[in-house]
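The values are calculated or read from the model by the stated rules, or taken from the named source; none is laboratory data. On a predicted model such as this, the values are computed, not experimentally measured, just so you know. Virtual Cβ from ideal backbone geometry, glycine too; neighbours counted across all protein chains shown. What goes into the accessible areas is simple: the full protein's heavy atoms, side chains included, and nothing from ligands, DNA or RNA. Shrake-Rupley method; radii C 1.70, N 1.55, O 1.52, S 1.80 Å.
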Amino acid sequence: MTLILVHKSKISRNLGMTKALVVVAVTIAVLSALYVWRSSSHKPLGQEAFDALYEAPAPKPPQTMNAMHLGHSLVSHDMPELLVQLSDGRYHYNSQLGWGTFLKAHWDPDTPINGFEDSNGHPQFRDAHEAIASGEYDAIILTEAVEIRDSIKYMDSAKMLHNWATKARASNPDVRVYFYETWHDLDDPEGWLERLDRDLEMYWEGAILRPALNLDDNPQPIYVIPAGQVMARFVREIEKRGGVGPIKSRTDLFSDTIHFNAFGAYLVALTHFAVLYQTSPVGLPHNLVKFDGTPAPDPGPEAAKLMQEIVWDVVTHYNRTGMPQQS
């Protein structure tokens, strides 16, 4: 009898802990949603209208592409250079970057861009306003600084995304505008994978993209490059397998707790390639050269193939990419 009572007691405690965890999870979700609502002064485009914008895939892109990257160190110098090689030289780009730079700092001449000289002392630099006003680009690729909640709350991310998209389309009505989803610190107390699972819909879409679209009477799609989602899928797979090639865990994609190394740059470049060119990256080369002309560490055929397959699966099952979707 005593054993039965102890057993029942353990069950009761476990059920109590489970209920407590559910309550905590729900509370966090509610508080996060409330934070977004209070942080943004712009009402998001309704879900039905938002979904309708992405029902049809984007038109086929040109095979030779001119692109402008606007962002920070999670764009880097290496990643666009890898794109040039993945496209067999058909990708031409300029960029304006900074250290942890908000879209607002790129937009507003009175807001300083930290690390401007260090980030832009290279031939591919072009002043962002001059570049986008030129109408010379097929694609404009924008990203926001993380912590994403601070960008939303203090730097009016939705308005800034809208401003850049509007400027780009005023100079070239056929330009494609892309919003590059990134990630947070590996040591984030809320959990790195947990935030990637939650933040795309809650913040990147719900508090930036949808409010930005709602600022237009007749919104046009701003497509998403879901690099954070690709990172999450790839990390889960390699950690489940105990490693693939030289990549054993998430830390093998990073040079610190947030900046990607050569392996991470390759994964993010594959994601950009697949979305921008609407083309499977499976079979692309993996022995490439970095921005400075030195050989990039090679992930090897097995890890490269897994990266390529995961990229294609993610981007063809998320229609904000503008990709034709797989069932």
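Numbers at a glance
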quantity	calculated
Hits in segment 133-143 (condition: open to solvent by less than 50 Å² (accessible area, probe 1.4 Å) and outside any loop (DSSP other than H, G, I, E, B))	134, 139, 140, 141, 142
Extreme residue, farthest from residue 305 (Cα to Cα), among residues of segment 229-248 that are small (Gly, Ala, Ser) and touching a helix residue (DSSP H, G or I) at 6+ places or on another chain (Cβ under 6 Å)	232
Qualifying positions in segment 197-227 - within 13 Å of the chain's Cα centre (by Cα), farther than 24 Å from residue 173 by Cβ and crowded, with 23+ Cβ neighbours inside 10 Å	199, 203, 204, 226, 227
Boolean, residue 296 is small (Gly, Ala, Ser), farther than 21 Å from residue 67 by Cβ and in contact with a strand residue (DSSP E or B) (Cβ under 7 Å, 6 or more places away or on another chain)	no
Where a residue in segment 45-57 is in contact (Cβ under 8 Å) with a residue 12 or more places away in the chain and surrounded by fewer than 17 Cβ atoms within 10 Å (Cβ to Cβ) and its partner, wherever it lies, is of a type in the set (Val, Ile, Thr) and not in a loop (DSSP other than H, G, I, E, B), with Cβ under 9 Å and at least six apart	57/321
Filtered residue count, segment 166-196, keeping only those that are in a loop (DSSP other than H, G, I, E, B) and either open to solvent by less than 20 Å² (accessible area, probe 1.4 Å) or touching a strand residue (DSSP E or B) at 6+ places or on another chain (Cβ under 8 Å) (or both)	6
Per-region count, segment 285-305, residues farther than 16 Å from residue 78 by Cβ and either open to solvent by 10 Å² or more (accessible area, probe 1.4 Å) or acidic (Asp, Glu) (or both)	4
Residue under evaluation residue 119, criteria (1) free of Cβ contacts under 8 Å to residues at least 60 places away in the same chain; (2) over 22 Å from residue 255 (Cβ atoms), criterion not met	(2)
Scan of segment 58-89 for residues that are among the charged types (D, E, K, R) and within 20 Å of residue 177 (Cβ to Cβ), ordered by number	60
Single residue of segment 306-327 satisfying the filter (free of Cβ contacts under 8 Å to residues at least 24 places away in the same chain and over 16 Å from the mean Cα position of the chain (by Cα)) that is least open to solvent (accessible area, probe 1.4 Å)	326
Some residue of segment 114-121 being closer than 21 Å to residue 59 by Cβ, open to solvent by less than 30 Å² (accessible area, probe 1.4 Å) and touching a strand residue (DSSP E or B) at 6+ places or on another chain (Cβ under 8 Å)	no
Among residues of segment 237-258, those that are surrounded by 14 or more Cβ atoms within 10 Å (Cβ to Cβ) and either under 28 Å from residue 44 (Cα atoms) or touching a Leu at 6+ places or on another chain (Cβ under 8 Å) (or both), counted	8
Hits in segment 81-97 - residues which are touching a helix residue (DSSP H, G or I) at 6+ places or on another chain (Cβ under 8 Å) and open to solvent by less than 40 Å² (accessible area, probe 1.4 Å)	82, 83, 86, 87, 91, 93, 94, 95, 96, 97
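Results for (1) at pLDDT 95 or above; (2) surrounded by fewer than 23 Cβ atoms within 10 Å (Cβ to Cβ); (3) not in a helix (DSSP H, G or I), shown as yes or no for each residue.
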residue	(1), (2), (3)
101	yes, no, yes
104	yes, yes, no
112	no, yes, yes
123	yes, yes, yes
131	yes, yes, no
